[in-house]
Each structure stands twice: as structure tokens, then as C-alpha cells.
1. For the condition surrounded by fewer than 12 Cβ atoms within 10 Å (Cβ to Cβ) and at pLDDT below 75, what is the one hit in LYS69, LYS81, LYS48, LYS77?
2. So, restricting to strands (runs of 3 or more DSSP E) that lie completely within the range 156-240, which ones have at least 3 residues that are within 27 Å of GLY343 (Cβ to Cβ)?
3. What about THR622, is it under 30 Å from the mean Cα position of the chain (by Cα), assigned by TED's automatic domain parsing to the domain that holds GLY521 and of a type in the set (S, T, N, Q)?
4. GLN389 versus (1) out of contact with any Gly (no Cβ under 6 Å at 6 or more places or on another chain); (2) modelled with pLDDT of 95 or more; (3) within 30 Å of VAL105 (Cβ to Cβ); (4) not small (Gly, Ala, Ser): which is the lone unmet condition?
5. Taking the range 51-66, which residues are modelled with pLDDT under 60 and either small (Gly, Ala, Ser) or in a loop (DSSP other than H, G, I, E, B) (or both)?
6. Scanning the range 357-388 for residues that are more than 12 Å from the ligand (Cβ to nearest atom) and among the polar types (S, T, N, Q), which turns out surrounded by the fewest Cβ atoms within 10 Å (Cβ to Cβ)?
7. Starting from residues that are aromatic (Phe, Trp, Tyr) and surrounded by 15 or more Cβ atoms within 10 Å (Cβ to Cβ), keep the ones in the range 93-149 and report whichever is nearest to the chain's Cα centre (by Cα).
8. Considering only residues that are in contact (Cβ under 8 Å) with a residue 24 or more places away in the chain, part of a helix (DSSP H, G or I) and surrounded by fewer than 23 Cβ atoms within 10 Å (Cβ to Cβ), which ones fall in the range 391-405?
Amino acid sequence: MGAYYIDIKTADSSARNIYIALNKVESVSLNFNELRLKGDEILIGQFKEIIDGFVVDEYPTFEIDLSGKNPPRELEKPSQKQKDGQKPQPVTKRWTNPTAPNGLVKYLSGDFTDTDGDGMTDVAETKYGFNLNDPSSFPAEPELVENKLPIESSEIGAYYEVYRGKIIIKWSESPDVDYSLHLKTSDSSSWNIYYGGHYIDSAEVNFNKFNLKGNEKLVGSFGKSDKDGNFVEQYSEFEIDLSHVKFPQISDIGAPDNRISYTFSSDFPEDAESKYREFLKRVLPIMYSYLGPPAESINVLIKNMGEDTDYFMIVDNGRTFLSDTDFIPRLIVHELVHAWKGGYTITSDKNWEYDKALSGFEEGGAEGLAFEIIHEYVRDYPNDVATEQLLNYKPFQYWSKSTTYYDSLKNLRWTGAGQFWTDNDAAYIRYSISATTIQMMIKENPDFMKQFLSMYYKRIRENPDWRPNRGDIIDMWAALVPALNGYPLKEYLNTIPVFNGRNLDRGIYALTEIRPYGAIGDQQFAVSYAAPNGRLWDIEENDIKKIPKWVKVVKGSDGYYYMDFQDSIFMVEVANAHGQQTIYSFKTIWKRHPNGLPTGYGWVGPEELNMENFPIGLYKETVTFTDYLPYDSEASDTFYFFGLKGVSQNRANEYVIMIGVDGVPSGTAEIYIDGVKYTAPIINGAAVFTSTEWKFDMQGRVLITITNADGISKTYYRTIVESGTYHLYYQQQFIIVDIGFNGIEDQFE
Ligand SMILES: [Zn+2]
């Protein structure tokens, strides 16, 4: 038996604007506010039964009149009242993998044969050096990398970890008492290193900072106080003789035998720990194949920060992974990609401490590799529980749901980095653009990241004073992936703000976002101001004097100030491919928390601009926040979107590629997929290709030839990565801007 899915729309809408079946669910809750419903509409719903990704049955539609005037009723099956007396379209079967062991992986290519039945395919066993005929030959948990050295007489179970150029003394924090460390060199009469003044459960002894050579004898002791600060007792003295410690050498960075292991904090929930362990031992061989040896041999302590705390981050130079214990395979891999670089992440300053300037490179690398690695995981372990989870929740776990819209997002000014977490909306888009770019680079050179890390470590070994910087990182990347989508990599990355290596420049930003609804979608708008540090939403008190008077802010009870750009008037000029313009005027939303603070930017998604309202084509829109234009010319910005009126896509079997060309309102588009040429007319600046034959997991560079009405042809490239939309439609929206039609996209001129 299959699973039941449900679609819901309002009676007056042609699109399924309320709810589109995503996953198996047993109930759907509709929030009138969020859905912009008044609560008196008529809703039309329909259940579908899906087996192995194919719709096998559609049930009669039903109607719920929210006004309560009419009782709920079933309607005729839509297939029985097709317009123009057409027969219902049969559900076309598409290619399925004959070696697939279950329905979830049937659409994936590759050979899933598993001779010894241990859950790892023969292809994977061979690739990672296991015996495909022996079920006991299987990835095992890694041998523990011991990097905790106990401090024998500390009396509180303290230990220290050894790093290049420093040690970190650690102990367990206690809910009832505070511990304070006194520490000095043995030849000193005063506590010249610590006399308190450290973290609650650790104290870093950085040799540079404390003028140590790293061969001294340290003497220390812990003191205990109660939570009110009253001294309780002093523990006995201990010694740490640094001259006996084997410190990692610079020559060890990226050494071929470096290994990563993991342990869990004692309060990590047992069932979560076993899920993590089963996944980690299986994924590690894949990580080594994509990343090569780690920068350092380290053990990663996976620490429980508490359920629903949303913690997923790496600290302590890769040695600690803060987790909220949720089992999210993609995020686990993402964090481990950071940990893989130990104390040498790309986001480092001159002391190898965290610096956010190059976040586009570090975060894009972590997120892009996480997607690639879990794509490989489901192919290597097609029957695994993690695979089942990954493939049942694709838009959240398996691909970036904005990859479809990469071209319309990748040049947006407000996605500039440095700082990724200027606010949630921007952070999400930054992760998506940077990850998708890295994934495309991996399609050009599958070993890109492994080769880059090897070059990167070599650079640090050979020149210990070198530090990551944008120019050198891009040069190293370009040596491995010389070109992307037909342009030198350096030029390509220079057009993408997320790789600009600095926080958002101060000033006003028109914000825009595409929100998909099934095969179609809408867009929303807001405006804000980037304060010092690139913050778009919250500002520290000190920075208030650095922003101009016309920027409205409100002070919160937490001492921070918040941008208050709600209720801002803006004008949207939408031009079709023939240059005909329609002008709209809107206002961002005004909504306050009970304490008077704005609820957010005031995002508004005007229905007039829903994609289904515009005939198929490419549209260019200029968004102008008129009130701020006199102060800042950037209050006006230009974006692209596709008109999708009448577009429908059967997501069970159709793959859709749209190509928009600003510069060619009518003509022909040709693409090559697997060596086969496909042609579609360009109407209103856009060509739409639909196929039931293209594999859903097809990937790689696509050659696009555009011929205009005068018969002149130019070629372009785009790269497909395995992805679909939020609602599981396999759809790519490519946008080419070449207004002079000289074959060079305008960003590169
Ligand atoms: Zn990250």
C-alpha cells in the first residue's frame, strides 16, 4: 500500500495555494493568519495515493466551506470532467533502477547490488576497500584519538588538551560551586598565568600570549567557592611539565595518517548516541574520500546542549561539537567538515582564532560538501535508516531548496558575506548560494575539496606565517577548477556577493526572496539597513551613533536596538521581455510584538506579483523604496523572476528546466542532456523544457545554445546539481542576462 498525500487550495485559485503534499502526514493544520485567509473561504482538497514516488490513485476532490454555510462535501473526480472532453493524462512511468532494493532509491542511478547483504553496496565496498563477499568487512568505529591528558592531583578531575602552541586546561562545571584556577610558571613568585579570570570550565594557556616557550614547568591549584562567591576550600598543588609534552608539529598538519574520532558527553541521550554512532561510522569513509586526511589528529567530543536548543556548532578548534542531539545527518556532516580542519579553518585571523570575513568559503565548503557526502551516502547504503530519513525529507535534509532559484539569488546585494548570521532569512540564502556554487565546482572536479585541503595544509606547513585570505584561497581554488559555467573561476566568484570576503557595506538594502509553491511560487519584499558589522536587524548600542538619523530603530528590553523599516512604501516596475512595463505600489507589513518591537522586517508578498499571474516568460523587476532614495541610491535594485501562468508539472515523472534570457525575447533554445539535443522555443524571453526521460539525479555541466529571431546563436553553460524545490519538484530555473547578446553574460563584462 502507498502513502496518502493531500493538496489543498482555495476555490478561487488555480494553484494549490494552501497546502501541497510534501511527505506522509496524518494531519494538516492550516493557520489562517500565516496563509492570509479570512476564514470564510471555500477550500478544495484532494487526497492522492503515492507508491514509490508515483501517483497511483487520485481520490475525488472535496470541499470545506470555512464560512460554515455549507456542510463539507465530496466533488466529482477531476479526471471525470476534463476540459474539452480530453482523456485524463496517464501517469507515465519513468526510468527506475532495476538494482534498487527499495522504493525510495528507485529513481537514483548507480548499481545497488549488495552481494554480502551487509547494507553497503558492492560499488561502495570496492571503493572504500572492503570485501564485497564478507558481511563482517564493514566500516567500524574509529580508534579513539587520545588528546586528554589527566592532571593527576587536581582533585576535581581536571585534564588538559594539547594543541600546537598552547594547552587548554578543562574541568567539569558544577551547578552548585565555582572552580577557580591559579596557575604560574614554577620559577615565578606570583600567579603570572591565571588567578581566576577564565571560562567556567576551561582555561587556555596560549604560549605566545603568556610569553612561554612551551618547555616550562607550570604549577597550579584549583579553589572552590559557592555560587555566592564565598570561598570554600583550596585544593592541593599540581604540576604540568611542558618539557615532557609531545606537541603537534607544524609538519603534522594534514599528515596522511591523521585521523578523527568521536566521543559523546555522558548526558547524551542513549538512542540519539546510537543513531549518531551508526551514521558516523558509515559516513567516515565517504568523508575521507571527499576531504582527505584531517588537518590534525583529534577526538571530537559531541556534547549535549539540550533538546530544542538548536545547537549545531563546532568549537575548540574542532575538538568539541555542540549538538542539540537531533539526528540531522546533513548538519552532522556539515559540522564535521569544519572539525576536519581542526584549528585551521578558512575563517581564521592572524592568531588562528575565528574571524568571519571568509565565511562564504568556509560555510559554503561545509554545506556544499555536506550535500555531496550525503548524496553519496544514500547510494552507498541504500537500505539504511539515515537514507530513509534523508530521502523522505529531501527539501530539509538532502538538498538546498533554493538551488532551483540559484540564478535569481546569486547576485543579490544583501547576500554579501562575512557575517552569515545577519538575520535568519539572509543566512539561509547565503548558505544556499555558497553551497550550490561549491557543489557545481565539485561537478567540474570531483576531488576539488580534497586537493584544495592538501594544497592549503601544505601552504601552512611551508609558510607558517601565511594566513587564509581571499586572494590566495581563490587562486588555489582556480588552480583546481579553472572555470565555472564558462567563465574563469576568479571572475565568476567576483560576481557573487557571498564570496566577497567582507561584511555587508553600510547602507540600505532592498530585500527580496522567492517563495516556491509547488511548481510555481511568489515573492516577498522588505527593506533594511546594514549597520556596522553588517547587521541588518539588531544593532549594539555603541553602533547607534554610527548610523544616520533617517534610519529608524527601536530599543529592545535586551539593550539591543532593532531596525524598524516596517510599513515602508515601495514601487515595483515589472518589465516583460519586450520591455513593456507595469508599475505597482505596495507597503511592507506593520506588525508589532506585545512589547512594541517590530516582529521582523515586515516582509510582504503581494498577490499581484505571484508567478502564476504572469504569462510564461522572463521578467525583470525594479524595486524602489522611494522614501529612502533621497538618502541612498541603493534603495532601488533590480531582480529577475519567471512568469509561470498555466505552468504545471507532474512531479512524479517530469523534470523541468527553464531558461530565461534577458536580451532574446523570442528565438530558440537548445540544450544537450546526456548527449541528446533538446530544442524549445523562446517565448517572452523564456524557454521551458519538460522531460519524463531525464533522470531526477542527473548532474553536471549543460551546454545551452540560444538563437535569436535574426538567426544569431550564442552559447552559455549552466551546471545542474542534484536538487529540486521545497515541494519536491525537479526544476531548475536558469537566468542568462546578455542584453547586448554578444555571448558574454553582462555580469562578466
Ligand atoms: Zn557551518
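1. Going through LYS69, LYS81, LYS48, LYS77 in turn, the sole match is LYS81.
2. Passing ranges, in order: 159-163, 166-170, 177-185, 202-206, 217-226.
3. Against the criterion (under 30 Å from the mean Cα position of the chain (by Cα), assigned by TED's automatic domain parsing to the domain that holds GLY521 and of a type in the set (S, T, N, Q)), THR622 qualifies.
4. (2)
5. Result: ASP52, GLY53.
6. Across the range 357-388, the extreme among qualifying residues is ASN383.
7. Residue satisfying both the conditions and the ranking: TYR107.
8. Answer for the range 391-405, where residues must be in contact (Cβ under 8 Å) with a residue 24 or more places away in the chain, part of a helix (DSSP H, G or I) and surrounded by fewer than 23 Cβ atoms within 10 Å (Cβ to Cβ): LEU391, ASN392, LYS394, PRO395, GLN397.
The values are calculated or read from the model by the stated rules, or taken from the named source; none is laboratory data. Being a predicted model, the structure only gives us computed values, none of them experimental. We place every Cβ from the backbone using ideal geometry, glycine too, and count neighbours over all the protein chains shown.
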